[in-house]
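Everything below concerns the one structure shown next.
The values are calculated or read from the model by the stated rules, or taken from the named source; none is laboratory data. What you see is a predicted model, and the numbers here were worked out from it, not measured in a lab. Cβ atoms come from the backbone with ideal geometry, glycine included; neighbour counts cover every protein chain shown.
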Amino acid sequence: MYSRPFHIHEDDRLIMKKKDKAEVGNWLEHLEFISREIEYLIPLESRTPGNDLLSRALYAIRRENTLQMAALCRYENSMVNALECDNMECDAFYLNNHEKNRNTYIEHLRKYEALKSKVFARLLKGRGE
């Protein structure tokens, strides 16, 4: 069944705000998944002897992920204020803030993905493959 999230009578600003809110919701869901994934990676990585740096990096990225989720939750709660904008300067502030949050999120994902690749490479190396 197709659900129409936007209505013809809505203005462009409201549609963009809804899209931004949905996007932040997706980011938060993804970060929650990453949190669960990290909880699997930590014990897996600890099974391979040697390099303590990866273990510390996993604990650090877990902390960063938690902080990123908290920041995005605060941002999501503040998004309601954007609806009260009545001039371009205010709209630009919230648009720039959204882009800043998007860039921070993407940067965090790249960092996590690089670390995850290192963990998998080490796990494979530890198995003699």
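Restricting the search to segment 49-74, which residues are basic (Lys, Arg) and within 18 Å of residue 36 (Cβ to Cβ)? Once the filter is applied, which keeps residues that are basic (Lys, Arg) and within 18 Å of residue 36 (Cβ to Cβ), segment 49-74 yields 62, 63.
In the set (1) modelled with pLDDT under 85; (2) surrounded by 13 or more Cβ atoms within 10 Å (Cβ to Cβ), residue 27 fails one condition alone, (1). Can we say residue 49 is within 30 Å of residue 124 (Cβ to Cβ), assigned to a loop (DSSP other than H, G, I, E, B), of a type outside the set (D, E, K, R) and out of contact with any Lys or Arg (no Cβ under 6 Å at 6 or more places or on another chain)? Yes. Say whether the condition of being surrounded by 15 or more Cβ atoms within 10 Å (Cβ to Cβ), of a type in the set (Gly, Ala, Ser) and closer than 28 Å to residue 16 by Cβ is met by at least one residue in segment 77-92. Within segment 77-92 (the criterion being surrounded by 15 or more Cβ atoms within 10 Å (Cβ to Cβ), of a type in the set (Gly, Ala, Ser) and closer than 28 Å to residue 16 by Cβ), the answer is yes, since at least one residue qualifies. Given the condition touching a residue at least 60 places away in the same chain (Cβ under 8 Å), among the β-branched types (Val, Ile, Thr), over 30 Å from residue 125 (Cβ atoms) and assigned to a helix (DSSP H, G or I), answer yes or no: does some residue in segment 28-45 qualify? No, segment 28-45 has no match at all.
Within segment 61-105, if we keep just the residues that are assigned to a helix (DSSP H, G or I) and farther than 23 Å from residue 26 by Cα, the residue that is modelled with the lowest pLDDT turns out to be 84. Applying the condition of being in contact with a Ser or Thr (Cβ under 7 Å, 6 or more places away or on another chain) and either exposed (fewer than 11 other Cβ atoms within 10 Å of the Cβ) or not acidic (Asp, Glu) (or both) to segment 41-61 and asking which residue is farthest from residue 97 (Cα to Cα) yields 46. Among the residues making up segment 110-129, those that are out of contact with any Ser or Thr (no Cβ under 8 Å at 6 or more places or on another chain) and either surrounded by 15 or more Cβ atoms within 10 Å (Cβ to Cβ) or of a type in the set (Asp, Glu) (or both) are 111, 112, 113, 115, 116, 118, 119, 129. When we screen 13, 102, 74 for residues that are free of Cβ contacts under 8 Å to residues at least 24 places away in the same chain and of a type in the set (Lys, Arg), the only hit is 74.
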